[in-house]
1. Is the shape of the range A:1-123 best called rounded, prolate or oblate, per the rule: a/c under 1.5 gives rounded, else a/b larger than b/c gives prolate, else oblate, with a ≥ b ≥ c the square roots of the Cα gyration tensor eigenvalues?
2. Just to confirm the number: angle between the C-alpha axis of helix A:96-113 and the first principal axis of chain A, 0 to 90 degrees, nearest 10?
3. With the radius of gyration and the Kirkwood radius both derived from the Cα set of the range B:476-529, what is their ratio Rg to Rh?
4. Rounded, prolate or oblate for the range B:70-232? Axes are the square roots of the Cα gyration tensor eigenvalues, ordered a ≥ b ≥ c, and the cut-off for rounded is a/c under 1.5.
5. For the range A:86-158, what's the radius of gyration and Dmax over Cα atoms, in angstrom?
6. Going by the alpha-carbon gyration tensor, a ≥ b ≥ c the square roots of its eigenvalues, is the range B:329-401 rounded (a/c under 1.5) or, if a/c is not under 1.5, prolate (a/b greater than b/c) versus oblate?
7. What's the angle, to the nearest 10 degrees (0 to 90), between helix B:496-515's Cα axis and the longest principal axis of chain B?
8. If I model a spin label at residue B:385 and residue A:147 as a point 7 Å from the Cα along the Cα→Cβ vector, what separation in nanometres do I get?
């Protein structure tokens, strides 16, 4: 008989579905982790270039951040460490639902600060062709799916944490 | 019992394996990260260490202005003159109000804070001379404005009807000359003979003879002359010089300099002031040194405000823009005066009555150095070609000094047929598609391994403008260099010898264009052949 995995009180999924979701979680985590680490190891990285090129409704906020050294420093830290921690959590499956929410918030900001909408021109060179939908938007919804269908309590460090909590609850 | 415990153990083991199942992926990630870091480090080692043998810290601007208080006069308080005086610490009330308001509305507008954070140069503006009354009054206004890096000024300026009257004032130590070019040599010679130090705007002179006059007068009197090429204060040019001095480009046989502008303003079609008339403008004094004279009228007004368009008052592209790019190259490679110059071009776009060309090219030959320098300019296209110093091993690409936007950084690209880098190109350490070296002003250092995006931004100078708190106007530094040298009896960065090289080179190019023949420099007899 095929084994089923219960991922929340209503849903059970089969092996293929579970491994598919885990694989998605790990590769999204990998991407986010490397985005963070790449910035972390580059002492000259700054969010200023991205923010200066911001268009649409948040461009005013972006420029205010750039022109205030304290805010810019905070923005740099939040980006570097936010991405690194979220990526790490997703990959290893630890606190991964929180990581999904954090990742959605952060990547939504990237999307909203420079959305590929009609009529918006960016001066930085693009690495693909996008019309409204870009990789950020897709990743946001990938994280949403991972949030709705959590897997880290099945495959991931959350499994151990959950067991510990259960044991504590029992004792 | 034993069955149950072994079942529990199995469950625990399975739990454990499933909990740690993605750890190997993380290990794989770390292993790849380590490989990448190692590769990047190897790239850096092979590029940066070689490229920058000595890492000079950025120039620290020391305040040397606490010596003698200097009194300066401005001759020609127009667009450029007002900028120079601002560099010395004096702006009109109208300008400081405007810049302050602009910053309140948009805090990326930094002109006000850039001005206010200038060093106090410990000087006063005590004389203003301008043939247009409106400008003269603005100059007086600037000398009195309490808003400035030095606070309330010690003295305010007196208005002079002409430069000779101003030079009679013994309280004036030094003068800034920002008149049209046809007046430069007369005023410089009169000023140094009257014992005044001189800051003169570029191009130094209108003719070759005037260059000799200035050179000789300055040398005889020993006064300090600074020519207005503020690029001399730009660190990127010093860095470029270091790289070329280290031989990293290999033999250089060809340099390309370019100017690309495409606007009325860029083509010197400047506004004719609404208050300009025969009463507010001293037209006869204006045209005193020019070869051709015309009576005052609408044509004269055009010539007064758009003087760069006529050879009677300037030399068009030569003195205005070629001089900048030539001086940048002279700063980086100590070119000196070429052996031959030939120029060509024409009035192809602005058929508005001007007699200077709007498309113009010069070839400078340096046979002793096995080098040709090509300069090409257009006033009807913004296609920014930059400046290229082309070596056998690598090419240095600089943002052109004369293009809109001005001072940028530079990058160095290895040549795929390079001898010096052959081994590294073969090993894949150097990828000739990407720059091996990038310098952007204001960024903390040089990074040989940057992403395409950050290189793009670096070249745009965006990081420079907003990243590091203080942004400095090179014009201020250039004026400061001049005043510091006056106090210390040193020669400034764009001193009379360098200025003479600029003036003679520009004069050779202008003469070649006007006569249609190749012009030769005879350094022994100091004449053009």
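1. Cα axes put the range A:1-123 in the prolate bin.
2. Here the helix axis deviates by roughly 20 degrees.
3. Here the Rg-to-Rh quotient is 1.19.
4. Prolate, since a/c reaches 1.5 and a/b exceeds b/c.
5. Just the Cα atoms of the range A:86-158 yield Rg and Dmax of 14.6, 45 Å.
6. Details: a/c = 2.84, a/b = 1.60, b/c = 1.78.
Because a/c hits 1.5 or more and a/b fails to exceed b/c, the range B:329-401 counts as oblate.
7. Helix B:496-515 sits at roughly 80 degrees to that axis.
8. In this crude label model, residue B:385 to residue A:147 measures out at 5.5 nm.
Here, each number is a calculation from the coordinates, and none is a lab measurement. All figures in this text were calculated on a predicted structure; none of them were measured in a lab. Backbone-built Cβ (ideal geometry, glycine too); neighbour counts: all protein chains shown.
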